[in-house]
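K.L.:
Quick one: the structure is below, and I'll ask about it shortly.
What follows is calculated from the coordinates using simple rules that are stated; it is not laboratory data. Just so you know, these numbers come straight off a predicted model, no measurement behind them. Note: ideal-geometry Cβ built from the backbone for every residue, glycine included; neighbour counts use all protein chains shown.
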Amino acid sequence: MRSYGQLILSLQTSMAAHLFPFHPCLLCLFFFFFILFLGADATSGFISIDCGASDSYTDADGIRWESDRAYISNGESRAVQSTESMATPLTTLRVFSSRKKNCYPILLPDARRILARVSFHYGNYDKKAAPPTFELQFDGNSWATVVTRMDGAVYFEAVYDVRMGRTSICVAQTIPKQLPFVSSIEVRRLENSMYDGEPTFAFFLLRRWSFGATDIVRYPDDNYDRIWVPAADSAGVTLLSSDTTIMDTSNSTEHPPKAVLLNAFTTTDPSADLSLTFADLVPTATIPVYINLYFAEMTSLSSSDVRSFRIDMDGKTSDPIVPPYQKVLEFSFADRGVTASSQMALRATADATLPPIISALEIFTGSSLSNGTAESDAKALTILQLQFKALSDWNGDPCLPANYSWDWVGCSSDPVPRVIALYLAGYGLAGDLPDFSDLSSLQTIDLHNNSITGEIPDFLGRLPYLIQLNLADNKLSGAIPSSLTSNNRIKLVTSGNPDLCSPGQTCDTSKGSSSAGAKKKSSKLGLILGVAVPVFFVALVATAVTFFLRSRRRAPPVAAENPGHVNSHGNGDVMFGAQHGRMVQTPGVQFIGADKPRVAPRNAPVVAQFPAAAGEYPAGSEEVVEEQPMIVEAAYEEQRWGEEMVDVEMHDEEH
């Protein structure tokens, strides 16, 4: 096999004679961009986000890291206390002190199956020596309970299919005063055939080991940037190294890197089992796991040597496994229930002359994914976000996971939740209301204390389940639609909108503070002043001239010395002005151009009514709904990985 350098040299020799016979400099330029293209293409399926970083950069492995400022605007960038021996993406973080959850939206227009990895390094950034615990989520699904620590980082990895070319990764506060944060987010595009599973199923990594490697293996050795951690051996276990550098992984659907297949663990006693335990991986309760094992022979065996073994797991035995030379054999367990007491043993067959070997192993747990909020509702919320800038930076699933909806959205408890309430009082919304009639399950709409303009849309009165509509203290105008005034089911509040009128009437806006009548009065007053002031000024000047001429006739022919008077228009005078509510400050004077809006408390109880069926509103069905912080516990304690080593034990086979 020719090396990369030999390939380039061969291309230069052949192409120079035919394409570039007279332009060697152009030839060099071509190959410069050719190599640059190869380097860029190697990580084209990578998205690497350094949370809290101020600038983008390229690391020593050629991976391009982006600042997270293009992905999220909420939160605060912070730096850890100590950066010694710490990878650059772990030296900064973004911490969130507001909202139930904060999400990073990531566009993946051409991807389907991805690997997502999120890292957390507390680093005592807040000088409180109190590493927090919080929730990690993606696409409306719970992922893990993140338990950070004082020393070192923890990371979590998942494999799943993205929907509609995008994914969102979120953190949510679960314990008061313990603020969630993120250090880095890495998304790697996988082949669609890798880690085969249903589109609505996700794999969550428990461990990924390399048996015999001395260092962590990842990109560029692994094209998909998976992290393979060296496993520690124990008594009775020995290391084997391959006598070749050739390794064909094309027959493996998971494409493990060659670097983890050139070493293996085996036993020193050919009659002994090579056993793996799950004590530090899973809880005492049974959970489903998905296991990939990778085997490769380390040397070309003689005709008298036989390496053959079976995998025994909790009493269930596989067919014989014979590792190939210069190739990889992959063996998988799918949806196998294990507990902390479970064991997996590699046991030699009766005809084997050599003990079992293993090169690498991956263990996942998994779960089905939610379908997300009703698609029609999600699209309608997007319309609101496009219309009102104050809502544009809310990302992730609006309703899921349960108890972690957007702060201004109320949702039903259906398997596919519907949006039943909008709590947007005092959110600084300015402009006309768009058509969000697809939110057909809405029961409560609270839009009071904003700067919403234009007419009240007719569709609001036609929402089938709406019972509360608060539009008070806005800048709405025109007639209130009859669909609202004639609907006895809807409790409508429109106070604080002086330019509104009842349906069927001609709106009299003369009483409005910003009405046309006020403008006419203002223009008439301006006309009067415009005429009267010049006339008065001319009369005053004429009087002054007459008085001066008369006094001059009586004045003695002596020049009088009067002290000069300077009328300074620089620092002495002041100018007042305000635009759009901004404060304009001049020397010694403050002028506020608009009243500060009153913001209603967002956690105020809201009465909502839940009909038993469409069109039915039985008495006594009112329920007080309050937004309160919820503490969610994971079904089992999430384990850290990346630092721990697995113990490989040797057990004598009983006969």
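K.L.:
Using only the alpha-carbon atoms of region 43-93, report the extent along each of the three principal axes, biggest first, to the nearest angstrom.
P.N.:
31, 29, 13
K.L.:
Taking 7 Å along the Cα-to-C-beta vector as the label spot, tell me the Gln385-Ser332 distance in nanometres, rounded to one decimal.
P.N.:
Placing both labels 7 Å beyond Cα along the Cβ direction yields 3.3 nm.
K.L.:
Hey, for a label at Lys128 modelled as a point 7 Å past Cα toward Cβ, could you say which residues of region 74-111 have their backbone N under 13 Å away?
P.N.:
It comes to 95-98, nothing else.
K.L.:
Quick one: length gained pulling Arg163 to Asp319 fully straight, 0.36 nm per residue minus the C-alpha distance?
P.N.:
On the way: separation 156, 0.36 × 156 = 56.16 nm, distance 3.77 nm.
The span from Arg163 to Asp319 would gain 52.4 nm if fully extended.
K.L.:
Right, another one. Based on C-alpha coordinates, I'd like the Rg and Dmax of region 92-167, in Å.
P.N.:
Radius of gyration, then largest Cα-Cα span, for region 92-167: 14.1, 43 Å.
K.L.:
So for Arg112, Arg149, Arg208, fewest C-beta neighbours within 10 Å to most, what's the order? Could the numbers behind the result be given before it?
P.N.:
Values: Arg112 15, Arg149 12, Arg208 23.
If I rank by nearby Cβ atoms, fewest first, I get Arg149, Arg112, Arg208.
K.L.:
Same structure, new question: How do Arg188, Arg166 rank when sorted from fewest to most other Cβ atoms within 10 Å of their own Cβ? Please list the in-between numbers first.
P.N.:
Values: Arg188 23, Arg166 14.
Arranged by neighbour count, lowest to highest, Arg188, Arg166 become Arg166, Arg188.
K.L.:
Considering only the other residues whose Cβ falls under 11 Å of the Cβ of Arg113, what net charge follows from Lys and Arg at +1 and Asp and Glu at -1? Show your work: numbers first, answer last.
P.N.:
Numbers: positive: Arg112, Arg188, Arg189; negative: Asp161, Glu191, Asp196.
Taking every other residue near Arg113 into account, the sum is 0.
K.L.:
Could you tell me which residue out of Pro132, Ala144, Leu206 lies farthest along the dipole of region 119-217 toward its positive end? Charges go on the beta carbon: Lys and Arg +1, Asp and Glu -1, centred on the Cα centre.
P.N.:
Pro132
K.L.:
Moving on to the next point. If I model a spin label as a point 7 Å beyond the Cα along the Cα-Cβ vector, how far apart are those points for Gln81 and Leu239 in nm?
P.N.:
Distance between the two pseudo-spin positions: 3.6 nm.
K.L.:
Can you tell me the relative contact order of region 310-360? Whole percent, Cα pairs under 8 Å, sequence separation 6 or more.
P.N.:
Values: 38 pairs, mean separation 21.2, N = 51.
Worked out over region 310-360, it gives 42 percent.
K.L.:
Extension gain Thr353-Thr284, at 0.36 nm per residue separation less the Cα-Cα distance, in nm? Intermediate values should be presented prior to the final figure.
P.N.:
Working: separation 69, 0.36 × 69 = 24.84 nm, distance 3.70 nm.
Separation in residues times 0.36 nm, less the Cα-Cα distance, equals 21.1 nm.
K.L.:
In sequence order, what are the phi-derived ³J(HN,Hα) couplings for region 213-224 according to the Karplus relation 6.51 cos²θ - 1.76 cosθ + 1.60 with θ = phi - 60°, rounded to whole Hz, with x for glycine and proline?
P.N.:
Values per residue, Gly and Pro as x: 6, 9, 10, 4, 10, 7, 4, x, 5, 9, 4, 9 Hz.
K.L.:
Give me the extension gain from Asn488 to Ser413: residue separation times 0.36 nm, minus the current Cα-Cα distance, reported in nm with one decimal.
P.N.:
Once the chain is fully extended between Asn488 and Ser413, it gains 24.3 nm.
K.L.:
Using a Förster distance of 35 Å, how high is the FRET efficiency between Ser56 and Arg462, based on the Cβ-Cβ distance and rounded to 0.05?
P.N.:
Working: r = 49 Å, r/R0 = 1.40.
Computed FRET efficiency for Ser56 and Arg462 comes out at 0.10.
K.L.:
Order of Ile63, Ile246, Ile185 from fewest to most other C-beta atoms within 10 Å?
P.N.:
Ile246, Ile63, Ile185
K.L.:
Place a point 7 Å from the Cα of Arg69 along the Cα-to-Cβ direction; which residues of region 79-118 have their backbone N under 15 Å from it?
P.N.:
79, 93-94
K.L.:
Beyond 25 Å between alpha-carbons counts as too far, so tell me which of Lys101/Lys475; Lys127/Lys389; Lys389/Lys475; Lys100/Lys128; Lys100/Lys389 fall in that bin.
P.N.:
Details: Lys101/Lys475 32 Å; Lys127/Lys389 35 Å; Lys389/Lys475 18 Å; Lys100/Lys128 23 Å; Lys100/Lys389 20 Å.
Checking Cα-Cα distances, Lys101/Lys475; Lys127/Lys389 exceed 25 Å.
K.L.:
Let's see if you can work this out: charge +1 on each Lys and Arg Cβ, -1 on each Asp and Glu Cβ, no other charges. What is the dipole magnitude of region 355-492 about its Cα centre, in debye to the nearest 20?
P.N.:
Values: 7 positive and 14 negative charges, 64 e Å.
Taking the Cα centre of region 355-492 as origin, the dipole is about 300 debye.
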